[in-house]
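Let me begin by presenting the structure, written as structure tokens, before commenting on it.
The values are calculated or read from the model by the stated rules, or taken from the named source; none is laboratory data. Being a predicted model, the structure only gives us computed values, none of them experimental. Neighbour counts are summed over all protein chains in view; Cβ atoms, including those assigned to glycine, are modelled from backbone coordinates with ideal geometry. In case anyone asks, the SASA skips ligands and DNA or RNA and just uses the protein heavy atoms, side chains included. Shrake-Rupley method; radii C 1.70, N 1.55, O 1.52, S 1.80 Å.
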Amino acid sequence: LIKTLTFSDYVADSLLHFPELIAPLMQRGFLSSSLKINNHYQTLKNTINDCRDEAQLYACLRQFRRLQQMRLIWRDVNNLCSLQDTLLEITALADMCLQTTLNWQHKRLVKRYGQPMGKSSGEPQFLVVLAMGKQGAGELNLSSDIDLIYAYQEAGDTHAGEGQKSLSNQEFFIKLGQALIQSLDKTTSDGFVYRVDMRLRPYGQSGPLVMNFSSLENYYHEQGRDWERYAMIKARAVTGTDAHIEQIMEILRPFSYRKYVDFGAFESLREMKSRIK
């Protein structure tokens, strides 16, 4: 304990300001064992499902993240796990928070606007969140922000019932994407969950918050820049149905891994390396 407090102001401040976290932190095996992903995911999911409003959601997410951060720091400082395991666990926790929060916010918006449906397929539509950078590669550290790109399969409208207002899928998923950012990024009395960076999306800050697969494919085929080509190597879908994830990765894979490589590709690599240096 003394070693952990000496090395980490975060743990010291957390114990002072959130003494209610001491009991769960000291549960048998919590500090000494590695992350049991399925168990923790189910616990977080059950806790969040009981949240009646966004205020409760924010509090649950932030308390969960703080407790897990303290556990990770304790284990790292006291050499109870390898660096690789620490990075993978931090990444897994970010994935959990994203998935459970998105599910909660999706259900909230469906109650108000109805389920978004594909115009051509007639199938339900869901937001696919691409984790980029460190999260995509399983390399998140304790102070990392998360870089995300949003997409959904196809255009259409929400299937509104009685008393519900219908929206286009684009409008629905913009609202959902904004709600997800707010849930994770907003600073409350409990702190924040993760800083969310959306600048890696097509057209950057000036582009739409979310695009359908067809628009995404057209952008990367016609306007994708070299740095985006290399950034996509680390892209990993953390939400969405298996079919939608497979489809979007099929779209992105040939953008990064071209069938033919010319001298222009080598030159762009050299230029990027020079700029990084």
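I need a count of the residues in region 16-48 that are touching a residue at least 40 places away in the same chain (Cβ under 8 Å) and open to solvent by less than 80 Å² (accessible area, probe 1.4 Å).
Total satisfying the criteria: 13.
May I ask you to list the residues in region 113-167 that are assigned to a loop (DSSP other than H, G, I, E, B), closer than 30 Å to residue 68 by Cα and touching a residue at least 40 places away in the same chain (Cβ under 8 Å)?
Result: 126, 127, 132, 138, 139, 140, 141, 142, 144, 145.
In region 203-243, what count of residues is obtained for those that are part of a loop (DSSP other than H, G, I, E, B) and free of Cβ contacts under 8 Å to residues at least 24 places away in the same chain?
Matching residues across region 203-243 total 4.
Across region 194-217, what is the number of residues that are closer than 19 Å to residue 174 by Cβ and open to solvent by 50 Å² or more (accessible area, probe 1.4 Å)?
6
Evaluate the following for residue 6: is it over 29 Å from residue 102 (Cβ atoms), open to solvent by 30 Å² or more (accessible area, probe 1.4 Å), among the hydroxyl-bearing types (Ser, Thr, Tyr) and not in a loop (DSSP other than H, G, I, E, B)?
The answer is yes for residue 6.
Can residue 255 be described as modelled with pLDDT under 95, open to solvent by less than 50 Å² (accessible area, probe 1.4 Å) and part of a helix (DSSP H, G or I)?
In short, yes.
Scanning region 168-202 for residues that are basic (Lys, Arg) and not in a helix (DSSP H, G or I), which turns out farthest from residue 62 (Cα to Cα)?
My answer is 201.
I'd like to verify a number: residues in region 258-277 that are surrounded by 15 or more Cβ atoms within 10 Å (Cβ to Cβ) and within 30 Å of residue 153 (Cβ to Cβ), how many?
0
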